[in-house]
1. Can you pull out every residue in the range 235-273 that is at pLDDT 80 or above and surrounded by 17 or more Cβ atoms within 10 Å (Cβ to Cβ)?
2. Only one of (1) free of Cβ contacts under 8 Å to residues at least 24 places away in the same chain; (2) in a helix (DSSP H, G or I); (3) loosely packed, with under 14 Cβ neighbours inside 10 Å is not met by ALA182, so which one is it?
3. Looking at VAL2, is it over 14 Å from SER66 (Cβ atoms) and either hydrophobic (A, V, I, L, M, F, W, C) or under 14 Å from the mean Cα position of the chain (by Cα) (or both)?
4. Answer yes or no: is there a residue in the range 153-161 that is part of a helix (DSSP H, G or I) and in contact with a Pro (Cβ under 7 Å, 6 or more places away or on another chain).
5. Just for the range 111-157: of the residues that are among the small types (Gly, Ala, Ser) and exposed (fewer than 12 other Cβ atoms within 10 Å of the Cβ), which one is modelled with the highest pLDDT?
6. Within the range 185-211, work out how many residues are in a loop (DSSP other than H, G, I, E, B) and crowded, with 19+ Cβ neighbours inside 10 Å.
7. Give me the pairs, please: first residue somewhere in the range 127-151 and closer than 16 Å to ASN48 by Cβ, second residue anywhere and surrounded by 12 or more Cβ atoms within 10 Å (Cβ to Cβ) and acidic (Asp, Glu), beta-carbon distance under 7 Å, and either six or more positions apart or on two chains.
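The values are calculated or read from the model by the stated rules, or taken from the named source; none is laboratory data. This one's a predicted model, so the numbers in the text were calculated from it and none came from an experiment. Cβ placement follows ideal geometry from the backbone for every residue including glycine, while neighbour counts extend to all protein chains displayed.
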Amino acid sequence: MVELHHFWSSVCSVRVRMALEEKKVPWTSRYVDLFRFEQLEPAYLALNPDGVVPTLVHDGVPIRESLVINEYIDEAFDGPALVPDAALARARMREFIRMCDDSFAPIVKLTLVKYILPKLRRRWSDEVLREHADKRPSRFLKDMHARALRGEIDERELAQCAEEIQVLLDKVEAALASPEFAPGPDGHRWIVGTFSLADICLAPYMYRLYALGAGRFWSQTTRPNVARWYDQLAQRPAFKVAVEWPDESGGGYEEVGLKSQALAATPHLTETP
């Protein structure tokens, strides 16, 4: 049995949902509502002591950290390979994933100020939010949430985040333009030629940037390879399932004046008990 403890808009949850769908693994949803602080409840902390999502539970055994989970999914289950056969392509895939992971903080700050904190403040007082921020096991998240509540992440810092995100997108554009790898069997050019965990790692970042209004960073004239890559990604059924999971207790991105991307509903393999 495969269970996924996840939250609808968590970028790490999105990438694991996408990997499960790409491998066509039937899974059961265990929704963890971050806006109700369910990730800090004792039952969940017993599964994931860091108090973060997602956590994959396979036959009763938990696997944590989305990048680790996705490698596990690829190795543990039948289905299309998500890791290239060639050693060089595997190395480039892991280099790219590391680069994305290292570039996570600017997107976290932008998300926290523009999306997460406004939604939390519609539900809780700042006093309650400070109490829960202090309970977070992760020092990084504890400090980030506390700074946001104190108003210390200002527009200048957010502008710096935007600049750092553009540097990341320049690297993505260069990777997609590289002649190192030929297009995959589907005729599309992915991060390392064939579709892989590198594309899955980046996918939720790009969707989040779209919701935050950063889709302007790529177009047919600005980073055209990124635009092409995102267009072909958006057509994958697994991507649609991963990003369209509903906000089970709120109004989605639109609740705070942001917008999600309209994608056609796609049947998938998920079960909800």
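1. Across the range 235-273, the qualifying residues are ARG236, ALA238, PHE239, LYS240, VAL241, ALA242, VAL243, GLU244, TRP245, ASP247.
2. ALA182 satisfies all of (1) free of Cβ contacts under 8 Å to residues at least 24 places away in the same chain; (2) in a helix (DSSP H, G or I); (3) loosely packed, with under 14 Cβ neighbours inside 10 Å except (2).
3. Considered against the rule, which asks whether it is over 14 Å from SER66 (Cβ atoms) and either hydrophobic (A, V, I, L, M, F, W, C) or under 14 Å from the mean Cα position of the chain (by Cα) (or both), VAL2 comes out as yes.
4. yes
5. SER125
6. The number of residues fulfilling the criteria is 4.
7. Going by the 7 Å Cβ cut-off, the qualifying pairs are PRO137/ASP50; SER138/ASP50.
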